[in-house]
Amino acid sequence: MTTRWHKPALDYIPRWLDYQIKLNKQPGCCVAVAYRGRLLFDMAFGLANAGGKTPLSSQHGFRVASHSKSFTASGVLRLRELGKLRLDDPIGRYVNDLHPEVAEVTLAQLLSHSAGLVRDGDNCGQWVDRRPFLNEQEMLKDLSGGPTIPPNTRFKYSNHGYGLIGVAIESIVGESWASWIQRNIVEAAGLKHTFPDMPGNTAGTPMPLASGHTRELSDGKRRIIPGDNPTHALAPATGFVSTAGDLARFFAQLAPNAKRSILSPASRRELIRRQWTDTCSSEPRDYGLGIISGKVADWPFFGHSGGFQGFITRTACLPEQELTLSVLTNAADGMAGLWLDGIINILQAFASNGPPTRKVAGWGGRWCGLWGTIDLVPVGNRVLATSPEQTSPMQDATEIEVVSRDHGRIVAVSGFGSYGEEVCQVRSAKGTVTDVYFAGMRMTSQRKLERELHKRYRER
């Protein structure tokens, strides 16, 4: 059972996102939206491999990078439930031959990025494919000099810290981190398209993998990044391969009010509880145990983001709305974060105003002019004139009050806009809307506009 505004909101999201992908020349994007853990929306846009022109599908796996930390942290909380560890245990209890100060940091400090450890070591070439990811010995060597700053003084992100957590889990369970996590977290959560590292197959035929892509280079092209390299000792921090649908289902289970979960409600609350705030960011975010939290407008969220060579990804659970969203992009300049916020912006508009009434339901469509493009989106008892060119399309949208079947009036807009002026739909003899007069400016379809501009501004 969904709320009445879900469907019209989800109907608009692909129209907006398809425009955004083409506008920003992105290779591809996968998006999933779950309500109470059940997928409402699971779509793919663009290409899995721009060189091979392979269409992206919702079944393609992405390198979801630091989402791995949420899986690893969930594993630690599960072991705590089983009585195998305590969060204030020092890491030296489980990992030998550490620098004395590193050995004293606790599991909770490692999970919350407050252990003061180096982020990626002295040579970060693994993050640009100049070297393989570190093995356990190489990672421990990077930590042999002790913490970079005193532990428990501030939020300081460390992939090496999560690598240590992986070694500790192996010591506790007596098997590899990857096999234990796959069985006790991934499979226990019912995920079918998620693996702890590459090669992404531990039980059967591997799923297709989306390729990563560089930014657009000076020749106007992107180079393909395979993204199929194993991450070895850093897999607990960054190795995971997954789909948008699986991530939406998994993070939905981490909400304290989730009906089904691999963790107890108490463990889930501990997982997402704010430990540290990133006060040096212009948009403060909090960090729990393998979980980022914050707000988009007035809606609290928790989740994680990820950045791997050629992939940018983000997932957010909105516990008050019982919605979980995941956006996966396959380019180094992927806009997963902006697009996830944009989707929330769309959802908020429909949640605030409700589904369109019968009076406004006949309005809609995309209309183009020399100065830009607008989407007419019926919401509640108004029609919003949004810009699909904006990453938050509903923000500051012009509001139109429908007066009659084809006539409306602008009733909310910036003072620089056309407040109080008319918006009219023009219909063909068959009754189809062909054009819109928006405050005196005629707007039409993209094809008609292009023909008009080619004719008017033909080469001289």
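Among 137, 126, which is under 28 Å from residue 310 (Cβ atoms), open to solvent by 30 Å² or more (accessible area, probe 1.4 Å) and not in a loop (DSSP other than H, G, I, E, B)? Of the residues listed, the single one that is under 28 Å from residue 310 (Cβ atoms), open to solvent by 30 Å² or more (accessible area, probe 1.4 Å) and not in a loop (DSSP other than H, G, I, E, B) is 137. What is the residue count in region 86-104 for residues that are under 27 Å from residue 305 (Cβ atoms) and surrounded by fewer than 19 Cβ atoms within 10 Å (Cβ to Cβ)? Of the residues in that region, 1 qualify. Being among the β-branched types (Val, Ile, Thr), surrounded by fewer than 23 Cβ atoms within 10 Å (Cβ to Cβ), in contact with a helix residue (DSSP H, G or I) (Cβ under 8 Å, 6 or more places away or on another chain) and outside any helix (DSSP H, G or I) is not true of residue 33.
Among the numbered conditions (1) in contact (Cβ under 8 Å) with a residue 12 or more places away in the chain; (2) of a type outside the set (A, V, I, L, M, F, W, C); (3) open to solvent by 60 Å² or more (accessible area, probe 1.4 Å), the only one that residue 6 does not meet is (3). Residues of region 428-441 that are among the charged types (D, E, K, R) and either under 20 Å from residue 19 (Cβ atoms) or modelled with pLDDT of 95 or more (or both): 435 alone. Selection of region 304-320 for residues being farther than 30 Å from residue 217 by Cα, buried (at least 19 other Cβ atoms within 10 Å of the Cβ) and free of Cβ contacts under 8 Å to residues at least 60 places away in the same chain yields only 318. When every residue of region 75-83 is checked against the conditions, none turns out to be surrounded by fewer than 18 Cβ atoms within 10 Å (Cβ to Cβ), in a loop (DSSP other than H, G, I, E, B), among the aliphatic types (A, V, I, L, M) and touching an Asp or Glu at 6+ places or on another chain (Cβ under 9 Å).
Of everything in region 144-197 that is hydroxyl-bearing (Ser, Thr, Tyr) and not in a loop (DSSP other than H, G, I, E, B), the residue that is most open to solvent (accessible area, probe 1.4 Å) is 171. Out of the residues in region 216-247 that are in contact with an Asp or Glu (Cβ under 6 Å, 6 or more places away or on another chain) and open to solvent by 10 Å² or more (accessible area, probe 1.4 Å), which is farthest from residue 289 (Cα to Cα)? Result: 222.
Among all positions in region 370-381, there is no residue which is of a type in the set (D, E, K, R) and either free of Cβ contacts under 8 Å to residues at least 60 places away in the same chain or farther than 25 Å from residue 297 by Cβ (or both). The residue pairs whose first member lies in region 18-32 and is of a type in the set (Asp, Glu), whose second member is surrounded by fewer than 24 Cβ atoms within 10 Å (Cβ to Cβ), and whose beta carbons are closer than 9 Å, counting only pairs six or more residues apart or on different chains, are 18/45; 18/46; 18/388.
When region 40-74 is filtered for residues that are closer than 13 Å to residue 244 by Cβ, out of contact with any Pro (no Cβ under 9 Å at 6 or more places or on another chain), hydrophobic (A, V, I, L, M, F, W, C) and surrounded by 18 or more Cβ atoms within 10 Å (Cβ to Cβ), the ones remaining, listed by number, are 62, 64.
In region 338-347 there is no residue that is in contact (Cβ under 8 Å) with a residue 60 or more places away in the chain and open to solvent by 10 Å² or more (accessible area, probe 1.4 Å). Out of all the residues in region 225-270, which are assigned to a loop (DSSP other than H, G, I, E, B), of a type outside the set (A, V, I, L, M, F, W, C) and under 20 Å from residue 323 (Cβ atoms)? If the condition is that a residue be assigned to a loop (DSSP other than H, G, I, E, B), of a type outside the set (A, V, I, L, M, F, W, C) and under 20 Å from residue 323 (Cβ atoms), then 243, 256, 257, 259, 260, 261 are the ones that fit. Considering 250, 301, the condition of being surrounded by 19 or more Cβ atoms within 10 Å (Cβ to Cβ) and without any contact (Cβ under 8 Å) to a residue 60 or more places away in the chain is satisfied by 301 alone. Restricting region 266-298 to residues that are surrounded by fewer than 17 Cβ atoms within 10 Å (Cβ to Cβ) and small (Gly, Ala, Ser) leaves a set whose member that is farthest from residue 164 (Cα to Cα) is 297. In region 371-409, the qualifying residues are those that are open to solvent by less than 40 Å² (accessible area, probe 1.4 Å) and charged (D, E, K, R), and the one that is nearest to the chain's Cα centre (by Cα) is 375. Just one of the listed residues (298, 341, 278) is within 22 Å of residue 244 (Cβ to Cβ), out of contact with any His (no Cβ under 7 Å at 6 or more places or on another chain) and acidic (Asp, Glu), and it is 341.
The values are calculated or read from the model by the stated rules, or taken from the named source; none is laboratory data. From a predicted model like this one, the values you see are computed outputs, not experimental measurements. Glycine also receives a Cβ, built like all others from the backbone with ideal geometry; neighbour counts cover every protein chain displayed. Note: areas computed on protein heavy atoms with side chains; ligands, DNA, RNA excluded. Shrake-Rupley method; radii C 1.70, N 1.55, O 1.52, S 1.80 Å.
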